[in-house]
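Peer 1: I am attaching a structure below and will ask some questions about it afterwards.
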Amino acid sequence: MMPAMSPNLAAGLYLASGVLFILALRGLSSPATSRRGNYAGMLGMAIAMGTTLAVAAPQLPITWYLLGGGLGLGGLIGAVTARRIPMTAMPELVAAVHSLVGLAAVFVAASALYAPDSFGIGEAGAIHPASLIEMSLGVAIGAITFTGSVIAFLKLDGRMSGKPIMIGGRHLINAALGIALVVLIVLLVTTEAKLVFWLIVAASLLLGVLLIIPIGGADMPTVISLLNSYAGLSAVAMGFVLQNKLLIIAGALDGSSGFILSVIMCKAMNRSFTNVLFGAFGQVQAAAVKGEAKTVKSATPQDVADLLTNADRVVIIPGYGMAVAQAQHKVRELYDQLKKRGITVKFAIHPVAGRMPGHMNVLLAEADIPYTDLVEMDEINHDMAQCDVALVIGANDVVNPAARTEKTSPIYGMPIIDADRARTVFAIKRSKNPGFAGIDNELYFSDKTWMLFGDAKNVIGELVKQLSGGSGMH
Ligand code: TAP
């Protein structure tokens, strides 16, 4: 059996972990420092886990082999999953991980209820009321997070329809469940009855499902960020039950950053929180898809390559399609070819391009495109009128002028990158299909736009071939 770690040393190490977590969040706020931020987070987590195990070791009736085995197996599953998961499926992975945080909160709360003396929160039948309140809040939020995240995962993964599922009277049912939860929590605190605890779990699990199924797949990334915040709150509650200050700090950081991120995403889509949570955005899309068949002009990579070489200023606007095609490395080659010719090339970054915050930044950084050429939406929009060519790569909603002009459009009011203000627009996509919001894009039918139909990676590969003289034309 291991000797116990001194409480002062443990407190110091927890403090160090807390500081490292804060540094991690700070580092993640810029692409230039995000790698360092990640390392700080990993180190903080390693110290936190090591300290927790060392503090608990003397009381644990399990051997280090068992703990090591659990950590090793969990770590292996985590590492393999993280390596395998494509960047486009990152929101699904985050949803899956949050569901586990919620489930862990339920298990910890159940353990604390059944063996309170092991947690130092009183005796069976005489648990401190404050601990019972913390426990019931933690279990309720945890169970809501669990089923909510599972539904979000299934919707994003396509195993469940992304369309909003509307149950009649759902607001009433949710309100009734909410009231029932408050009553049950009061009952648990006053009676400590185990049945009441499991009723709280059941009601919360059901509420998690009912809250998320009416939300359309389009809003899932925002919802996942909100669930991230819930997972943080359940960790805070569990931190109070376990009297673990670091869990409180980490949960609070998680809870607040998830919430701030959801607010930023809502702003970037010009949606309110209530609209995301109760607006059933996906429903509007179906009606909006139908439109008369309009014609577009298409161009060949050869035409476009010629026009690109005559440009002085090119703005590349990447979107979800670049991520799907994994075209970032080809985009880098195109960037190199254009730069070689003295052309000014900038990347216009829309805050919700792709399917997760920072999606485009991550992909372009992966291809070693200098951060200095990545320009945020507000800044680049000032220069769009002076831009010779806007090259749209698999972006759709984020360049849809309907957001500025059409009051009835579901994306009306969403800030966009003003590609339509450039002198010429080339847009790479596979078909005339709409983007995420399911609506037509006037940009593609404009006189100044030429479409390059095809997979982004192939089309840009062709463009690079033309520009590097590899086509045999020269
Ligand atoms: P989208 O509007 O989804 O459009 C992407 C376009 O890429 C599609 O029109 C698709 O057209 C094309 N595409 C797909 N695969 C391709 C491939 N292999 N090669 C070439 N093109 C391909 O993307 P966006 O402009 O980036 O906008 C993002 C949307 O997601 C917004 O509506 C935003 O509100 C929403 N959203 C984003 C987030 C975050 S945090 N990023 C969160 C929630 C919601 P084809 O099928 O014709 O190829």
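Peer 1: Please report the accessible area of residue 71 (heavy atoms, 1.4 Å probe, ligands and nucleic acids excluded) in Å², nearest 10.
Peer 2: 80 Å²
Peer 1: Oh, and also: Using a 1.4 Å probe over the heavy atoms of the protein chains, calculate the carbon and sulfur portion of the accessible area of the chain as a whole percent.
Peer 2: Within the chain, the accessible surface is 64 percent carbon and sulfur.
Peer 1: Still on this structure, I have one more. Over the Cα atoms of the chain, what radius of gyration and what Dmax do you get, in Å?
Peer 2: In Å, with Rg to one decimal and Dmax whole: 25.9, 87.
Peer 1: Another question about this same structure. Can you tell me the accessible area per residue over segment 89-278, all protein chains present, probe 1.4 angstrom, in square angstrom?
Peer 2: Heavy-atom accessible area per residue stands at 42 Å².
Peer 1: Where both residues lie in the chain, what percent of DSSP beta bridges are antiparallel, nearest 5?
Peer 2: So the antiparallel bridges in the chain amount to around 10 percent.
Peer 1: Compute, for segment 301-468, the length of the dipole vector about the Cα centre, with Cβ point charges of +1 (Lys, Arg) and -1 (Asp, Glu) only. Units Debye, rounded to 20.
Peer 2: Approximately 280 debye in magnitude.
Peer 1: Compute the FRET efficiency between residue 371 and residue 76 as 1/(1 + (r/R0)^6), taking r as their Cβ-Cβ distance and R0 = 35 Å, and round to the nearest 0.05.
Peer 2: It comes out at approximately 0.55.
Peer 1: Next up: With every protein chain left in place, what is the accessible area per residue of segment 380-466 in square angstrom, probe 1.4 Å?
Peer 2: 39 Å²
Peer 1: Output the relative contact order of the chain, whole-number percent, from Cα pairs under 8 angstrom with separation of 6+ residues.
Peer 2: Relative contact order, the chain: 13 percent.
Peer 1: Another question about this same structure. Separation of segment 39-53 and segment 320-350 by C-alpha centroid, Å?
Peer 2: Segment 39-53 and segment 320-350 have Cα centres spaced 38 Å from each other.
Peer 1: Counting only heavy atoms of protein chains, what accessible area per residue, in Å², does segment 1-84 have with a probe of 1.4 Å?
Peer 2: 69 Å²
Peer 1: Turning to a different aspect of this structure: My understanding is that a pair violates if its Cα-Cα distance is over 26 Å; which of 407/448; 340/457; 163/267; 297/465; 155/194; 339/465 do that in this structure?
Peer 2: The answer is 155/194.
Peer 1: Under 25 °C and 0.890 mPa s, how fast does segment 336-447 diffuse according to Stokes-Einstein, given a Kirkwood radius computed over C-alpha pairs? Answer in µm²/s, whole number.
Peer 2: Reported coefficient: 166 µm²/s.
The values are calculated or read from the model by the stated rules, or taken from the named source; none is laboratory data. Keep in mind that what you see is a predicted model, and the values were worked out from it rather than measured. Counting neighbours? That spans all protein chains shown, and the Cβs are built from the backbone with ideal geometry, glycine included. We work out accessible area using only protein heavy atoms, side chains counted, and drop any ligands, DNA or RNA first. Shrake-Rupley method; radii C 1.70, N 1.55, O 1.52, S 1.80 Å.
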